[in-house]
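Every number here is computed from the coordinates shown, using simple stated rules; none is lab data. Computed from a predicted structure; not experimentally measured. Please note: Cβ atoms are built from the backbone with ideal geometry, for glycine as well, and neighbour counts cover all protein chains shown.
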Amino acid sequence: IADTARKLVEMNGYSDTIEVIQAYIEEVDIPTRKIDIIISEWMGYFLFYEDLLPAVLTFRDRYLSPNGVIFPSRARLWSGLYSDTQWEESRIGYWKDVYGFDYSPIVPKLKKEQFSAPERQHLKPDGIISKHMLLADLNLYKTTHNDIEEIASTLSFTFLNNATIHGIAFWFDVDFEGPEVSVRLDTSPSSGYTSFEQIIWYLSTPFHAHTGDTVKGGFSIRRGSTCKLLIKNS
């Protein structure tokens with residue numbers, strides 16, 4: 001893509017004003033030392049999955065001028081309770097009759113392995129059965145490396161109606177805040193298709209709750225290490 005960008009710059013007569021540098025951001029050395037704008041698509045699944053934000057923060061601290069702009073300028077991680085009416089059939093029921101054979105003894109091992117970590121999916125908007133909860137809110141002008149070493153939050157969800165909870169859904173949005181116009185990239189289930197999709201952490205044992213009931217727990221994601229989820233039905 002860098003070679004193509006250079007050709008575009010040259011063909012449109014901007015070779016004397018635009019320089020295309022092909023390198024890892026950690027390796028870039030800018031002689032002028034200060035720049036006016038940083039644009040980076042560092043977001044991954046679960047917002048932090050690809051672990052590109054630390055490099056952007058280092059680059060920001062080294063080069064962004066006092067009045068410079070960084071895009072996106074804000075990032076938020078959200079979560080909500082999720083109900084999947086096809087969960088039982090697609091995840092468990094299938095093994096009860098596999099081409100006429102009963103594979104149900106495999107289910108306990110399947111639950112232990114499959115539901116111990118989150119997975120990426122396109123989730124249905126009507127599957128969200130609780131109010132959204134904000135887990136992290138980052139100001140990219142001020143966020144430090146320590147701020148993202150571990151993202152941890154208590155969880156407290158209130159059911160919007162009678163439903164069975166099958167898992168916890170996660171998504172993010174980022175803001176591009178300009179002086180006159182701001183744009184938001186939303187990856188929630190209600191936003192339609194995006195390449196980021198959403199994250200669902202299925203529970204090994206779904207449970208039913210009523211309108212107004214509260215589900216509490218804890219969530220943490222540590223850089224380069226683990227992601228933990230604890231849910232308690234109260």
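What's the number of the only condition in (1) among the β-branched types (Val, Ile, Thr); (2) touching a Phe, Trp or Tyr at 6+ places or on another chain (Cβ under 9 Å); (3) surrounded by fewer than 20 Cβ atoms within 10 Å (Cβ to Cβ) that THR187 fails to meet?
(3)
May I ask you to list the residues in the range 91-125 that are within 15 Å of HIS166 (Cβ to Cβ) and in contact with a Ser or Thr (Cβ under 6 Å, 6 or more places away or on another chain)?
LYS111, PHE115, listed by residue number.
Considering each residue of the range 190-211, count those that are within 12 Å of the chain's Cα centre (by Cα) and within 14 Å of ILE168 (Cα to Cα), and give that number.
Pass one, the range 190-211, residues within 12 Å of the chain's Cα centre (by Cα): 194-200.
Okay, now just the ones that are also within 14 Å of ILE168 (Cα to Cα), so 198-200.
Of the residues in that region, 3 qualify.
Within the range 189-215, how many residues turn out to be farther than 15 Å from HIS122 by Cβ, part of a loop (DSSP other than H, G, I, E, B) and among the small types (Gly, Ala, Ser)?
Within the range 189-215, residues that are farther than 15 Å from HIS122 by Cβ, part of a loop (DSSP other than H, G, I, E, B) and among the small types (Gly, Ala, Ser) number 1.
What number of residues in the range 93-111 are more than 30 Å from the chain's Cα centre (by Cα) and among the aliphatic types (A, V, I, L, M)?
Counting residues in the range 93-111 that are more than 30 Å from the chain's Cα centre (by Cα) and among the aliphatic types (A, V, I, L, M) gives 2.
Looking only at residues that are closer than 24 Å to TRP87 by Cα and more than 18 Å from the chain's Cα centre (by Cα) in the range 161-184, which one is surrounded by the most Cβ atoms within 10 Å (Cβ to Cβ)?
It comes out as HIS166.
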